[in-house]
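Visitor: Sharing a structure, written as structure tokens. Questions coming.
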Amino acid sequence: MLELQNIHWELPDGEELIKGVDLAIRPGKLTVITGPNGGGKTTLAKLIAGLYMPTEGKILLDGEDITDYGITERSKAGIAYAFQQPVRFKGLSVKELLKIASGKDMKEFEMCHILEKVGLCAAEYMNRPLDTHLSGGESKRIEIATVLARNASILIFDEPEAGIDLWSFSSLIETFEKLKTEKSGALLIISHQERILNIADEIVLIAEGKIREKGDRDTVLPLLNINGRGCGCPLGREVVNG
């Protein structure tokens, strides 16, 4: 289990963006962190992944204090992070990237299995170069495949719906639903997309750097429909407050 205890984070000028967050990310659950733009969702994900270091508080993974771990140490400890905008690795093929991500001499049948999980035909994509000819949806699914190749215990996806077409997004929803049933680890998704919220086990609403609501989907999702009341975060097609 991943635990955040009284996490604070501020900019170099002293402006505090994360203000005392306490949160438990439980294994076997799909947790979605949502909230208005600029509320602290992605910042919190980067703090978990080790891209940012908290200015106060502790981060524990299965009881071990990993607060001071950088992104490489956290990756080795079992935390995998998929960026909102996939990183391009020029000169590499999909096969080579999966081997690097896994940290081992991955067999082709293992790669095929992972690519199938994200809805890509292994025969078509295994030797594809990672270049600008890949669509946004293809790049996103390949990045998700690299996260799966690491066999991490905590999988973090930052706005996986960003920049992809409707068909690719529908395939991503199917992928996350499969991961929910197949993995014993924890899935954490940063999103304000209603279809992702609808498959969550737990929803965390963060605004102005603080957790406003958290709980199971049936408890929290109705609160997001209260226009201007309660949590103050309306849910139409997306949970966006500007």
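The values are calculated or read from the model by the stated rules, or taken from the named source; none is laboratory data. Please read all numbers here as calculations on a predicted model, not as lab measurements. Ideal geometry is used to build each Cβ from the backbone, glycine not excepted, and the neighbour counts take in all protein chains shown.
Visitor: Restrict the check to region 152-162 and report whether at least one residue is surrounded by fewer than 19 Cβ atoms within 10 Å (Cβ to Cβ), closer than 25 Å to MET106 by Cα and touching a residue at least 12 places away in the same chain (Cβ under 8 Å).
Guide: Yes - at least one qualifying residue is present in region 152-162.
Visitor: Can you name every residue in region 108-140 that is surrounded by fewer than 17 Cβ atoms within 10 Å (Cβ to Cβ) and either on the phi > 0 side of the Ramachandran plot or acidic (Asp, Glu) (or both)?
Guide: GLU108, GLU110, GLU116, GLU124, ASP131
Visitor: With under 30 Å from LYS104 (Cα atoms) and in a strand (DSSP E or B) as the only criterion, which of ILE173, ILE206, ILE211, ILE189 stands out?
Guide: ILE189
Visitor: Output the residue which, of all residues in region 164-200 that are of a type in the set (D, E, K, R) and touching a Leu at 6+ places or on another chain (Cβ under 9 Å), is surrounded by the fewest Cβ atoms within 10 Å (Cβ to Cβ).
Guide: GLU177
Visitor: Mind checking which pairs have a first residue in region 111-136 that is within 15 Å of LYS95 (Cα to Cα) and in contact (Cβ under 8 Å) with a residue 12 or more places away in the chain and a second that is of a type in the set (A, V, I, L, M) and in a loop (DSSP other than H, G, I, E, B), Cβ under 6 Å, 6 or more apart or different chains?
Guide: As it stands, the answer is LEU130/LEU92, since those pairs meet every condition given.
Visitor: So, one more: With outside any helix (DSSP H, G or I) and not aromatic (Phe, Trp, Tyr) as the only criterion, which of LYS46, LYS104, LYS95, LYS76 stands out?
Guide: Every option except LYS104 fails the conditions.
Visitor: LEU134 versus (1) under 21 Å from the mean Cα position of the chain (by Cα); (2) modelled with pLDDT under 85: which is the lone unmet condition?
Guide: (1)
Visitor: Can you run down the residue pairs with Cβ atoms below 7 Å, 6 or more apart or on separate chains, where the first is in region 172-194 and under 17 Å from ARG217 (Cα atoms) and the partner is part of a helix (DSSP H, G or I) and small (Gly, Ala, Ser)?
Guide: ILE190/ALA45
Visitor: To continue, here is another question. Let me spell it out: the conditions are (1) closer than 28 Å to THR219 by Cα; (2) in a loop (DSSP other than H, G, I, E, B); (3) modelled with pLDDT of 95 or more; (4) not hydroxyl-bearing (Ser, Thr, Tyr), and PRO54 meets all of them except one. Which number is the exception?
Guide: So the condition that PRO54 fails would be (1).
Visitor: If you don't mind, another one. What residue, among those in region 7-26 that are touching a strand residue (DSSP E or B) at 6+ places or on another chain (Cβ under 7 Å) and not in a strand (DSSP E or B), is surrounded by the fewest Cβ atoms within 10 Å (Cβ to Cβ)?
Guide: Going through the qualifying residues, I end up with LEU11.
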